[in-house]
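Heads up, the thing below is written out as structure tokens.
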Amino acid sequence: MREVANLLGFVGLVLALLVVWRQSWRGRLRLFVAQSAVLAVLAIAIGLYANRRGLLVAALGFAALKVWIIPRALTRIAAGPPARTASPRRSAAASLLTAGVLVVVAFTIMRPVTAASALPTAGGIPLAFGMALIGLLVCVTGRDVLGQILGFLLFENGVFALALLATYGLPGLVEAGVFLDVLVIVLIVEGIAVQMRREHDSLEVDRFQELRG
Amino acid sequence: MMLVALLLTPVVAAGLLTIARGRTAGLAHAGASGLTLAFALGVGSDVLVGTTPSALGGLLRVDGLSAWMLALVALVGGLAAIEAPRYAPLGARHRFYPLLHLFVFTMLLAVATDDLGVMWVAIEGTTLASVFLVNFERTRASLEAAYKYLLLCSVGIALAFLGTVLVYFADASKGGQAAEALRWSQLLPLAGELDARVLELAFAFLLVGYGTKAGLVPMHTWLPDAHSEAPPPVSALMSGVLLSVGLYAVVRLRALVDASAGPPASERMLLGLGLLSMAAAAAFLWRSRNYKRMLAYSSIEHVGLVCLGLGFGGPWGVGGALLHIANHALAKSVLFLLAGRIRAAYGSAEIADVQGLLATRPVTGRLFLAAMLALMGVPPFGLFVSEVMIFGAGFQQGFVVLPALGLGLLVIAFAGLLRALHGMLYGSAATAHAADGGAWLAPVVAALVALVVTGLAWPPGLAAALGAMATLVGH
């Protein structure tokens, strides 16, 4: 189990790093879907290993949500005029460097947790936290609604992975609440995006300049 | 039984109100608000006689602290409900009313559940239920406010989820029962055996996460926007009780961390963020040009003050902080409702555009003055007493510099508020005099009277209740 958890955790982290590096929206979305699929596999593996049927259900719910429903909603948000403006952005190298630093930070912060864990999956905990921090980075450096929400979803994936590796998943009621919550957030963002296109003709958050002081 | 009814009422009402129209909708809205308040007070009185109502296999459990918060949410919910018809146009009530009741439901659930996971889901639910209410007027500004609110609070609350995972981890690795490992009442007696370093780390995430909902600086940036753009009844709920629900979560979780790692860790974090919030708010109170934003920044100041009280600790610090939460909830919700009236009269939320309020709207103006004085902590209002308790606790616990700094910031904020208030109340009015007053003012007056009661003559049992709540969370 140790090898599986470490390998899948590592793949998830690399996919998060690739999201930082990629510039095209469709490429980034595909990377997010791939990461979600990897985490669903991780959940199934842990569910089988620990013999937890609830975790298998959670894995299926996670896959349905993050591999299918949410990417479709994000594609709807991204579709339609106007095209995203190709304004210059900070260099991929600088962002990657920051992300690398965050991974180191993740290992440092999670040391007490890894030390306190007796589970074979403990080695993956800092990797999962790294994914979450990179998601946070993508979120705060996002220039438009799509970038920011993608960052939030990556962050969410990281937290899901952390819960998985540290505790073999939370009680079903809580997991269900989290899934519903993420779904509603994405649907609300879809509504907001429609209104933004109408008001500002763009999804860029720089257009938000009404509220100051 | 009554507890389940309390939580079912707003949910059922929300469902009915999506289909009801016209007078039926008005009646259902009023009936549901009244019932919610009655059930909340009923549950509260059960707790007062010494029982701990619980339901759904212990998933819902109301101790003294929960009852205090339930009553507060229901009271401010009632105030907001009375004013709601003014701000929801007839054609939009089937959107406004259901969301308002759902918003109240999520807050009630957050404070009535014993399960930290369900509490997290409920607090995130408060954001989802209220984001459309913030954007209810669908202007550019309200859209911006709603988006910032949704994104920042979702990220913040996800950090709180990370903290919750770590609490669960700490418990599960000590062999806690999976389904009930997040029950606060079961965690607390065991907390001493949990890994202190993990819980400290968890608390850092939880404080930042729930602190975002509570409006602590530097996670506050969504707050002035959302509170000023939302319709007044929603602002009243957000500033009055939503922030308090975030603080409530911090109070509960802090008890666990203190039992495991000892108070110093949480104390440092609370005092630091509390003082920072007060400082930032005091600065912004001096430069705010919009009175709704001014009220929002004042909420940040008071949230900081409550954190200071929690940080000082002891029965006075924690009791004072909890009393301050209630006092602030009443004063601030009344002020947002009055601000809505003022905005309707003057057609502007800019401080510079509102002059001669006492002359043009004598009743509204006087009440606004009274509520502002209450907010500033002037006696005989309750905020004065809770502020004395908080700073008294600080000096009593041997702090000198921190309470002194806090008092200094309070004076700066006081002066900032007074300056704005003076400009609004006096001067030559551009708006004609109009008769105001009427039955709608009765609850506003009642809230102000309640504030005088908490300031001058505590009802029997209040001191004991505050002490019991402080004991409950380990002080």
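According to a simple spin-label model (label point 7 Å from Cα along Cα-to-Cβ), what is the distance in nm between residue B:415 and residue A:10?
Distance between label points: 6.2 nm.
Per residue of B:114-121, count partner chain C-beta atoms within 10 Å of its C-beta, then hand back the mean as an integer.
That average works out to 4.
In terms of Cα to Cα distance under 16 Å, which aspartates and glutamates are near enough to residue A:66, apart from those fewer than 8 places away along the same chain?
A:156, A:175, A:181, A:190
Which log10 I(q)/I(0) values does chain A give at q = 0.14, 0.19 Å⁻¹ under the Debye formula, counting every alpha carbon as one identical point scatterer?
The calculated log intensity ratios at q = 0.14, 0.19 Å⁻¹ are -0.83, -1.36.
In the protein assembly as shown, what is the volume of the convex hull around the alpha carbon atoms, normalised per residue and reported in Å³?
Convex hull volume per residue, Cα atoms: 147 Å³.
Under a crude label model (7 Å from the Cα following the beta-carbon direction), how far is residue B:405 from residue A:212 in nanometres?
Inter-label distance under the simple model: 3.1 nm.
What does the structure give for B:285-293 when I average, per residue, the other chain Cβ atoms found within 10 Å of the residue Cβ?
That works out to 1 on average.
Quick one: go through the range B:320-361 and flag any residue whose amide nitrogen is under 14 Å from the point 7 Å out along the Cα-to-Cβ line of residue B:433.
B:356-361
Sorted from largest down, give the three principal axis spans of the alpha carbons of the range B:380-448, whole angstrom values.
Answer, in whole Å and largest first: 54, 28, 13 Å.
Where in the range A:180-213 does the amide nitrogen come within less than 18 Å of the point 7 Å from the Cα of residue B:283, taken along Cα to Cβ?
A:212-213
Of A:116, A:58, A:161, which is the most mobile in a GNM of chain A whose springs link Cα atoms less than 10 angstrom apart?
Most flexible of the set in this elastic network: A:116.
Just to confirm my numbers, what's the Cα centroid distance between the range B:391-423 and the range B:264-326 in Å?
Centre-to-centre distance over Cα atoms comes out at 10 Å.
Given a Förster distance of 30 angstrom, what is the FRET efficiency for residue A:79 paired with residue A:56, based on the Cβ-Cβ distance and rounded to 0.05?
It comes to 0.35.
Report the one residue of B:463, B:280, B:431 whose Cα lies farthest in the direction of the positive end of the charge dipole of the range B:264-475 (charges on C-beta: Lys and Arg +1, Asp and Glu -1; origin at the Cα centre).
Result: B:431.
So how far apart, in nm, are the two label points at residue B:90 and residue B:442 if each is 7 Å from Cα heading toward Cβ?
2.5
Translational D (Stokes-Einstein, µm²/s) of the range A:114-210 at 25 °C and 0.890 mPa s when Rh comes from the Kirkwood sum over C-alpha pairs?
164
Considering Cα pairs under 8 angstrom that are at least six residues apart, work out the relative contact order of chain B and quote it in whole percent.
14
How long, wide and thick is the range B:264-475, going by the Cα atoms along their three principal axes, in whole angstroms, largest first?
56, 37, 20
Kindly list the residues of the range B:169-211 that lie in the label zone of residue B:268, defined by a backbone N under 15 Å from the point 7 Å along the Cα-to-C-beta vector.
B:197-205
Sort B:213, B:148 by Cβ crowding within 10 Å, fewest neighbours at the top.
Ordered from fewest to most neighbouring Cβ atoms within 10 Å, B:213, B:148 come out as B:148, B:213.
Looking at the square roots a ≥ b ≥ c of the eigenvalues of the Cα gyration tensor of the range A:1-113, which shape do they give, rounded for a/c under 1.5, prolate if a/b is larger than b/c, or oblate?
oblate
Looking at chain B, I'd like the Rg to Rh ratio, where Rg is from alpha-carbon atoms and Rh is Kirkwood's inverse mean 1/r.
On the Cα set of chain B, Rg over Rh gives 0.95.
Express in whole angstrom the spacing between the alpha-carbon centres of the range A:189-213 and the range B:205-255.
23
Provide the packing ranking of B:362-373, B:309-320, i.e. peptides ordered by the mean count of other C-beta atoms within 10 Å per residue, highest first.
B:309-320, B:362-373
Run a plain Debye calculation on the range B:178-284 (Cα atoms as equal point scatterers, no solvent) and give log10 I(q)/I(0) at q = 0.20 Å⁻¹, rounded to two decimals, same order as the q list.
Taken in order of the listed q values, log10 I(q)/I(0) reads -1.02.
Excluding residues fewer than 8 places away in the same chain, name every one of the lysines whose C-alpha is closer than 19 Å to that of residue B:148.
Partners found: B:213, B:292.
What angle, in degrees between 0 and 90 and rounded to the nearest 10, separates the Cα long axis of helix B:263-287 from the longest principal axis of the Cα atoms of chain B?
That works out to roughly 10 degrees.
Quick one: the Cα spread of the range B:87-237 along its three principal axes, in angstroms, biggest first?
Cα spread of the range B:87-237 along its principal axes, largest to smallest: 55, 30, 18 Å.
Values in this text are rule-based calculations from the coordinates and carry no lab data. Model, not experiment: these values are computed from the prediction. All Cβ positions, glycine included, derive from the backbone under ideal geometry; neighbour counts span all protein chains shown.
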